Amino acid sequence: MKNLFDLTGKGAVIIGGAGGIGQAIAQGFAEAGARVVISSRKEKALRRAKQEILEASGVSVRCIACDASDEAEVEALLRDSTAAPEQIDILVNAQGFNQKYPGTEFPADVWDKMFDTNVKSLMLTCKHFGKYMKERGIHGKIINLSSVRGVRAVGNGGMGNVGYCATKGAVDMLTRAYASDLRPHIQVNAIGPTITYTPMMVGLLPDKEEDRAKIASAMPAMRIGMPEDCVGPAVFLASAASDFVTGQIIYPDGGLTAVG
Ligand SMILES: NC(=O)c1ccc[n+]([C@@H]2O[C@H](COP(=O)([O-])OP(=O)(O)OC[C@H]3O[C@@H](n4cnc5c(N)ncnc54)[C@H](OP(=O)(O)O)[C@@H]3O)[C@@H](O)[C@H]2O)c1
């Protein structure tokens with residue numbers, strides 16, 4: 001049973017691997033035995049994440065900078081991360097961002113940027129890494145970071161998530177469609193966290209403790225998520241434990257989607 005979740009010998013690329021959720025997943029994979037490459041645009045953030053993962057787990061990960069919304073850069077990431085004798089078996093798309101505006105004020109350029117980062121970049125990485133895995137007969141695992149906002153519009157009377165909700169709904173369907181296209185040996189699934197303490201959320205959470213408590217109280221677990229809450233679902237979806245699971249979205253959301 002223990003071996004079901006073992007990632008020894010597997011190669012994993014985690015895009016957004018210096019972000020809150022991506023770094024936690026990268027560390028979890030490294031601790032489960034995988035060879036890990038973390039990637040995002042800023043080299044300095046990658047170096048910081050590499051050092052923190054080393055200090056926390058004793059495992060050294062590789063860093064490759066890449067803007068995943070640029071097709072040429074994704075192709076270069078694939079080349080660099082799979083240069084012989086390395087093989088990549090697992091891809092995690094943990095990149096993303098959110099900017100809130102009332103629906104009547106949403107700037108079209110922010111909309112485009114949000115779709116480039118939250119949706120187009122996932123298509124580009126699924127396209128190139130999926131093709132690579134398929135051509136080599138790799139039993140690959142692709143894990144996309146979606147959100148509860150892919151299936152629930154904003155709760156707690158809040159507003160401003162028109163763009164983010166639309167991108168995450170797209171991530172859910174992109175996940176199912178790639179699960180179909182990359183059959184039968186590559187599984188494509190998603191993780192849909194609830195509001196989680198990460199750099200992305202720092203500026204978006206309310207300042208007052210009572211307002212944060214109100215958000216937490218919407219969930220049966222009565223708390224806001226932590227990056228570590230995504231690690232178990234990610235290890236499951238990356239490992240042999242999920243070999244018959246594809247096209248699904250797992251919600252580490254404290255029960256929000258069960259009751260909301
Ligand atoms: N935190 C939450 O409450 C929450 C809830 C539900 C879902 N999610 C989803 O979970 C994922 C991770 O979120 P997070 O909270 O961990 O965010 P985060 O801490 O802001 O990390 C996001 C990461 O994405 C990278 N990134 C952004 N644009 C990129 C691009 N074009 N190419 C490559 N990397 C890029 C960033 O690094 P650079 O800026 O250096 O590129 C950063 O490492 C996102 O998809 C987010 O939508 C988060």
Review point. Given the residues M226, M200, which is the only one that is at pLDDT below 95, within 18 Å of the chain's Cα centre (by Cα) and within 15 Å of the ligand (Cβ to nearest atom)?
Key: M200
Study note, to complete from the structure: Residue hits (the stretch 75-107; among the hydrophobic types (A, V, I, L, M, F, W, C) and closer than 29 Å to Y197 by Cβ) are L77, I90, L91, V92, A94, F97, F106
Check your understanding: Within the stretch 89-99, is there a residue that is without any contact (Cβ under 8 Å) to a residue 24 or more places away in the chain and open to solvent by 30 Å² or more (accessible area, probe 1.4 Å)?
Key -> no
Exercise for review: Considering (1) under 21 Å from V171 (Cα atoms); (2) open to solvent by 10 Å² or more (accessible area, probe 1.4 Å); (3) touching a residue at least 24 places away in the same chain (Cβ under 8 Å); (4) touching a strand residue (DSSP E or B) at 6+ places or on another chain (Cβ under 9 Å), say which one I15 fails and leave the rest.
Suggested key: (2)
Review point. Right, T175: within 14 Å of the ligand (Cβ to nearest atom), touching a strand residue (DSSP E or B) at 6+ places or on another chain (Cβ under 8 Å) and part of a helix (DSSP H, G or I) or not?
Key: yes
Practice item. State which residue pairs qualify: first residue within 15 Å of T246 (Cα to Cα) and inside the stretch 188-201, second residue of a type in the set (A, V, I, L, M, F, W, C) and near the ligand (Cβ under 7 Å from one of its atoms) in any location, beta carbons under 8 Å apart, and separation of 6 or more residues or different chains. Key: A190/L145; I191/L145; G192/V148
Check your understanding: If you go through the stretch 52-88 one residue at a time, how many are in contact (Cβ under 8 Å) with a residue 12 or more places away in the chain and more than 10 Å from the ligand (Cβ to nearest atom)?
Key -> 18
Exercise for review: Restrict the check to the stretch 131-147 and report whether at least one residue is of a type in the set (D, E, K, R), touching a residue at least 40 places away in the same chain (Cβ under 8 Å), more than 14 Å from the ligand (Cβ to nearest atom) and open to solvent by 20 Å² or more (accessible area, probe 1.4 Å).
Suggested key: yes
Exercise for review: Please specify each residue of the stretch 1-48 satisfying the condition of being among the polar types (S, T, N, Q) and either assigned to a helix (DSSP H, G or I) or more than 9 Å from the ligand (Cβ to nearest atom) (or both).
Suggested key: N3, T8, Q23, Q27
Practice item. Report yes if L204 is crowded, with 16+ Cβ neighbours inside 10 Å and aliphatic (A, V, I, L, M), otherwise no. Key: no
Exercise for review: Test G163 against the criterion of being open to solvent by less than 10 Å² (accessible area, probe 1.4 Å), over 14 Å from I15 (Cβ atoms) and over 14 Å from the mean Cα position of the chain (by Cα), and give yes or no.
Suggested key: yes
Revision key, fill the gap. Of (1) away from the ligand (no atom under 11 Å from the Cβ); (2) among the hydroxyl-bearing types (S, T, Y); (3) touching a Lys or Arg at 6+ places or on another chain (Cβ under 8 Å); (4) part of a helix (DSSP H, G or I), Y164 fails just (1)
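The values are calculated or read from the model by the stated rules, or taken from the named source; none is laboratory data. These numbers come from a predicted model, not from an experiment. Glycine also receives a Cβ, built like all others from the backbone with ideal geometry; neighbour counts cover every protein chain displayed. Surface areas here come from the heavy atoms of the whole protein model, side chains and all, with no ligands, DNA or RNA. Shrake-Rupley method; radii C 1.70, N 1.55, O 1.52, S 1.80 Å.
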